[in-house]
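Data first, discussion second: the structure below is written as structure tokens.
Values in this text are rule-based calculations from the coordinates and carry no lab data. Just so you know, these numbers come straight off a predicted model, no measurement behind them. Cβ coordinates were reconstructed from backbone atoms using ideal geometry, including for glycine residues, and neighbour counts include every protein chain displayed.
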Amino acid sequence: MTFRSLIWIIRRPEVLLSLAAPVIGIFYAIGEPSGLWDRVSGREYAEMGVRRLETATGYPKAWIYNHGSDRQVFGSLLRRLESRVPRETLVELRKAGLRPVLITVGGAPLRLPELPEQWQQSYRFPIPQAIRSF
């Protein structure tokens, strides 16, 4: 077997596809423990934003603006929010020139009066499941 025939065999689609899964698995296994894929996909910033929105402290911690130090967190959350909005709605909003500048959770948190005051605020004020599943 010559080098040229080996290259011809490796270039065949079925061989490339059979090699793709282990190679992708190796890249994922190397990058996942270090958090590389979280940083590349923006998931790390989105999780930071969701944790901030879960707090019951209100302004300024639970308000995420599209400027300053919040820009990366805002962008990551906005991409995930836009994936849940119908495409027609997004197109209409863009045509109208509207773009969000703030992400926050409205309304006062519900306090559970039976819980001791010494507990952390996040335990005493439950967060709706819709935010957690984000």
- Net charge (Lys, Arg +1; Asp, Glu -1) of residues whose beta-carbon lies under 13 Å from that of D38, D38 excluded, is -1
- Report the extension gain between V40 and K95 in nm, rounded to one decimal, defined as 0.36 nm multiplied by the number of residues separating them, less their alpha carbon distance. 16.9 nm
- If the chain between I9 and E114 were fully extended at 0.36 nm per residue, the gain over the current Cα-Cα distance would be 30.8 nm
- Report the calculated FRET efficiency for A21 and R71 (r = Cβ-Cβ distance, R0 = 41 Å), to the nearest 0.05. 0.65
